[in-house]
Amino acid sequence: MTRLRKEIGFVAHLLRLSLASNMEYRASFLSQIIGMFINNGIYFVFWLLFFDRFQEIRGYQIDEIFMLFAVITLAYGIAFTFAGNAMDLADLIAQGRLDYYLALPRPVLPHLLFSRMGQSTIGDLTFGVIAYLFTGRLDPGSILLFVVAVLLAAVIFVAFTATAGCLAFFMGNATMLSTQLSNALLTFSLYPFGLFQGVVRLVLLTLIPAAFVGAVPVQVVQGHDLGALALLALGALVGVIVMAVVFRIGLRRYESGSALNVNI
Amino acid sequence: MNTSLALPVRRGSLRRSLDKYVAIARTNLQNRLAYAWDAAGQGIMMTLFIFIFAQLWRATFQAQGAVEIAGLTLNQTIWYFVWAEMLQLGKIRHVFTVSREVKDGSLAYTLGRPYNYLLYQFASGLGDSLVRMGMVLVAGSVVAWWQAGPLISFRPETLPLLLLVTALAFVLDFCVLSVIALLSFFFEDVHAFMFIYHKIVFVLGGLLIPVDFLPDWLQAIARALPFSGVVYGPSKLFVAWDTGQFAGIVALQLSWIAVIALGLVVLYRHGMRQVSINGG
């Protein structure tokens, strides 16, 4: 327990340093946040135009899209604001830049994931909060379920992205593939789950767990569905275990590139 | 030090100058093919993306009970996205390379080399792009054929002109992305600019929804902006060839390439004035 508290303190310290580093370039920091906010807004416009013309698709109307966007953007924002290196993991492995982390007396994976804070993802985070306000579900029960579901979805985002990044241990240059996998998770999750049937539905609940970062959290909040919440928690736990195991196995295959890197 | 954006004047012929960039493209193509697994992985992902679009538009056509929406059948709409995704995923990915080189100063080392910096980036990314476009086209076609059958409306005799309009779309996109990359001279991180550009292409460029499906007022705006020349134009001509529309799209692409390339030259020269080289 003392060890766990110590490691959490260490991660909190890393985050404080990353935030201070980001804030050093305030104009850039703010432009990134505003930029990402606009970015999400433009994407949301697609759905407004779509439902303006076609009204309803397989039970989804614009209200469901509001909730879907609130959950996904906030979860994505939390995930990669705090674990900014998860998205760069394949690149770091391929370039032999894990040496720095391996030489220090701290658990490698958490140190690696949390040692960089995302900038533009704070815009996602903000967008998610505002999108939730538009859903009109402002009673304490819904808010509590929303927060818990979003945190679990954020864990799944990080676990999946980091696991995809670990493919670089086995394939060499897996930067593009891991990016595509992360994009696939995000893209699939942003579409109404009712579009998908049969095997694809199964894939979206397992290999590319898009349902766990989109449809399931939406079901938790809109239906106050505790069964769905338990399923979501199980999904997050499995995601973290898979990430840790794949990283551990992959690390045995890691070869240093003898590259000189300076980490500031 | 020559910091001009113009092609370097050399004693050899134009062909020798071009050979240099062809060699760069070939080297990077070979490099890319060495990581076949990574490229194949993108092909697999592509099948998933086309599959999503097929499901969305199938459900939409069913819900509307329509055979055609804005002049496009379901078959044409699904195949439209194959070409659109090929263009989107095949684009040259030099933004973060340029951005990194500007920020860490390594740009200064490349300026002394006997090539034009941006043409180098174009040639370097071309090999990689060709592999990705090939993968996307093959994988996407398999899914589209499976979901909607062959593209009945395709006219093989228009292929050379279709390739021309596709190449212009590629160059136009490169110019826009290069402007974003060079903004690194002024901004610490250009991620947001690139994301915004991508998302504008999603909507106004016709990547997520063909421009014909947009409300009339928005169509008029989209058709005048460069984004529709990047994705919508070539993709629409692929599924529904129209000679009049071809001429309009090429004119739009050439006009915007001229305007953006001019902006690129100004930006590059302005940015280069800020580069200072200390020591060796």
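What is the percent carbon and sulfur in the accessible area of the protein assembly as shown, measuring with a 1.4 Å probe over the protein chains and ignoring ligands?
Accessible surface attributable to carbon and sulfur in the protein assembly as shown totals 66 percent.
Rg(Cα) of the stretch A:120-166 divided by 2.2 N^0.38 Å?
Dividing the Cα Rg of the stretch A:120-166 by 2.2 N^0.38 Å gives 1.37.
Where does the charge balance sit around A:Gly84 when Lys and Arg score +1, Asp and Glu -1, over other residues with C-beta under 13 Å from its C-beta?
-3
Taking beta carbons within 10 Å but only from partner chains, what does the mean come to for residues B:179-192?
4
For chain B, find the longest principal axis of its Cα atoms and tell me its angle to the long axis of helix B:14-34, 0 to 90°, nearest 10.
60
Could you count how many Lys pairs in the protein assembly as shown have their Cα atoms under 29 Å apart, skipping same-chain pairs fewer than 8 positions apart?
7
In Å², nearest 100, what accessible area do chains A and B bury in total when the solvent probe is 1.4 Å?
Chains A and B together bury approximately 3600 Å².
Please compute the per residue accessible area over chain A with all protein chains in place, 1.4 Å probe, rounded to a whole number of Å².
46
How big is the accessible area of B:Trp145 in square angstrom, nearest 10, if you roll a 1.4 angstrom probe over the protein chains?
150
Output the peptides A:234-242, B:155-163, A:190-198, A:148-156 sorted from most to least packed, where packing is the average of other Cβ atoms within 10 Å over each peptide's residues.
Per-residue mean Cβ counts within 10 Å order the peptides as A:148-156, A:190-198, A:234-242, B:155-163.
Taking θ = phi - 60°, what integer Hz values does the Karplus form 6.51 cos²θ - 1.76 cosθ + 1.60 yield along the stretch B:213-227, in sequence order, with x for Gly and Pro?
8, 6, x, 3, 4, 6, 4, 4, 5, 4, 5, 8, 8, x, 4
Using a 1.4 Å probe and counting only protein heavy atoms, arrange B:Lys103, B:Lys236, A:Lys6 so the residue with the most accessible area comes first.
A:Lys6, B:Lys103, B:Lys236
Determine the calculated [θ] at 222 nm for chain A from helices alone, applying -39500 (n - 2.57) to every DSSP H run no shorter than 4 residues and normalising by the residue count; nearest 500 deg cm²/dmol.
The helix contribution divided over chain A gives -24000 deg cm²/dmol.
What is the dipole size for the protein assembly as shown, taken about its Cα centre, with +1 at each Lys and Arg Cβ and -1 at each Asp and Glu Cβ, in debye to the nearest 20?
For the protein assembly as shown, the charge dipole is close to 1500 debye.
Relative contact order for chain A using alpha-carbon pairs under 8 Å, separation at least 6, rounded to a whole percent?
This gives 26 percent for chain A.
Using only the Cα atoms of the stretch A:2-251, what do you get for the radius of gyration and for Dmax, in Å?
Cα radius of gyration and Dmax of the stretch A:2-251 are 18.3, 58 Å respectively.
How long are the semi-axes of the ellipsoid equivalent to the protein assembly as shown, from square roots of 5 times the Cα gyration tensor eigenvalues, in whole Å, largest first?
Taking √(5λ) for each Cα gyration eigenvalue gives 35, 33, 22 Å.
Summarise the partner chain shielding of B:201-212 as one whole number: the mean count of Cβ atoms from other chains within 10 Å of each residue's Cβ.
Partner Cβ neighbours, averaged per residue: 2.
Got the relative contact order for chain B handy, in percent, Cα pairs under 8 Å and 6 or more residues apart?
Once normalised by length, the contact order is 26 percent.
Let me know the mean shielding of A:217-227 by other chains, meaning the per-residue number of their Cβ atoms within 10 Å of its Cβ.
0
Gaussian network model of chain B, Cα springs within a sub-10 Å range: biggest mean-square fluctuation belongs to which of B:Met194, B:Met86, B:Met46?
Fluctuation is largest for B:Met194.
Provide the net charge surrounding B:Phe246, with neighbours chosen by a C-beta distance below 15 Å and charges set as Lys +1, Arg +1, Asp -1, Glu -1.
Residues near B:Phe246 contribute +1 overall.
The values are calculated or read from the model by the stated rules, or taken from the named source; none is laboratory data. This one's a predicted model, so the numbers in the text were calculated from it and none came from an experiment. A quick note on method: Cβ atoms are made from the backbone with ideal geometry, for glycine too, and the neighbour counts reach across all protein chains shown. Just so you know, the surface numbers come from the protein's heavy atoms only, side chains and all, with ligands and any DNA or RNA stripped out. Shrake-Rupley method; radii C 1.70, N 1.55, O 1.52, S 1.80 Å.
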